[in-house]
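What follows is a short report on a single structure.
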Amino acid sequence: MQVRVQPEPFDTAAELAALSANRSDVGAIASFTGLVRADDGLTALTLEHYPGMTERQLAAIAAKAEARWPVLAGTVIHRHGRLVPGDAIVLVAIASPHRAAAFEACSFLMDWLKTKAPFWKAEEGPWGTRWVRAKATDDQAAQRW
Amino acid sequence: MMLYFAWVREAIGADQETLTPPPTVETVADLLDWLAARSPNHAAALADRTAIRVALDQDFAQADTPIGTAQEVAIFPPITGG
């Protein structure tokens, strides 16, 4: 599985196409794209991360998914830096022979990423700039796996 | 090497410090107590321990985890990525 942490935008269609390019064993590709939402007048989101630990944690989460499901190819991209509403933040895409594994591996990766990848969001809006608080529901979502 | 992120970094007023804790500092909890005594900024940043997470050499640690030979200690709020 490919893991990337970058400030640059990514091309979701190109990333999905690459997962099944030049092979005929892929029967299913499931993906999740997370976007910046303009809740309550939010104007920008700045993502800070811990270089080194981020890549290490994402690689560990990816290895767990590969050990558990028949993953033929996969891509995890997480952006950092300042993003505005509509911008994509994260992409998780999984290619597998069958849909159940693709859906489950994708969902597992997102739930674990939310609790293990060291990123922090600061929100800009009418309130100025504030740090986003962690949600207990994210921990619960990861626990179900 | 101590690394600080997000509002912990802002409250302490530095993104890193090179510190050598005394031998009495054995666990993560000991380290946080020792750091909190360094300045009012450190004390404010570390006041609510339920909102503090620690990584030793880039792996998550708990309050009772021994510091051992860790070279890189990172202190930060609960993560909010994705």
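The values are calculated or read from the model by the stated rules, or taken from the named source; none is laboratory data. In this text, all values refer to a predicted model and were calculated from it rather than measured experimentally. Cβ coordinates were reconstructed from backbone atoms using ideal geometry, including for glycine residues, and neighbour counts include every protein chain displayed. All accessible areas refer to the heavy atoms of the entire protein, side chains included, with ligands and DNA or RNA removed. Shrake-Rupley method; radii C 1.70, N 1.55, O 1.52, S 1.80 Å.
Checking A:117, A:95, A:122, A:101 one by one, the residue that is within 14 Å of the chain's Cα centre (by Cα) and open to solvent by less than 50 Å² (accessible area, probe 1.4 Å) is A:117 and no other.
Note on the range A:21-41: among residues that are closer than 20 Å to residue A:107 by Cβ and not in a strand (DSSP E or B), the one that is most open to solvent (accessible area, probe 1.4 Å) is A:37. Just one residue in the set B:57, B:64, B:48 is open to solvent by 30 Å² or more (accessible area, probe 1.4 Å) and within 11 Å of chain A (Cβ to nearest Cβ); that residue is B:57. Selection of the range A:1-16 for residues being touching an Asp or Glu at 6+ places or on another chain (Cβ under 9 Å) and either without any contact (Cβ under 8 Å) to a residue 24 or more places away in the chain or buried (at least 16 other Cβ atoms within 10 Å of the Cβ) (or both) yields A:1, A:3, A:5.
Answer yes or no as to whether residue B:74 is open to solvent by less than 50 Å² (accessible area, probe 1.4 Å), among the small types (Gly, Ala, Ser) and facing chain A (nearest Cβ under 9 Å). So residue B:74 passes the test.
Condition first: of a type outside the set (Ser, Thr, Tyr) and either closer than 22 Å to residue B:66 by Cβ or more than 10 Å from chain A (Cβ to nearest Cβ) (or both). Now tell me which residues in the range B:1-14 satisfy that.
Of everything in the range B:1-14, those that are of a type outside the set (Ser, Thr, Tyr) and either closer than 22 Å to residue B:66 by Cβ or more than 10 Å from chain A (Cβ to nearest Cβ) (or both) turn out to be B:1, B:2, B:3, B:8, B:11, B:12, B:13, B:14.
When we screen A:80, A:98 for residues that are within 11 Å of chain B (Cβ to nearest Cβ) and modelled with pLDDT of 95 or more, the only hit is A:80.
State whether the residues of the range B:36-45 include one that is within 14 Å of chain A (Cβ to nearest Cβ), at pLDDT 95 or above and under 12 Å from the mean Cα position of the chain (by Cα). Yes, some residue in the range B:36-45 is within 14 Å of chain A (Cβ to nearest Cβ), at pLDDT 95 or above and under 12 Å from the mean Cα position of the chain (by Cα).
Taking each residue of the range A:41-56 that is within 10 Å of chain B (Cβ to nearest Cβ) and at negative phi and looking for partners that are open to solvent by 30 Å² or more (accessible area, probe 1.4 Å) and hydroxyl-bearing (Ser, Thr, Tyr) with beta-carbon atoms closer than 6 Å, six or more apart or interchain, yields nothing. Hey, any hits in the range A:110-132 for a residue that's within 14 Å of another protein chain (Cβ to nearest Cβ) and under 23 Å from residue A:21 (Cβ atoms)? Looking for residues that are within 14 Å of another protein chain (Cβ to nearest Cβ) and under 23 Å from residue A:21 (Cβ atoms), one finds none in the range A:110-132, hence no. Here is a check on your reading of the model: is residue B:49 within 22 Å of residue A:113 (Cβ to Cβ) and either of a type in the set (Val, Ile, Thr) or within 12 Å of the chain's Cα centre (by Cα) (or both)? Criteria not met by residue B:49. Restricting A:67, A:88 to those that are over 14 Å from residue B:82 (Cα atoms), open to solvent by 10 Å² or more (accessible area, probe 1.4 Å), among the small types (Gly, Ala, Ser) and more than 9 Å from chain B (Cβ to nearest Cβ) reduces the list to A:67.
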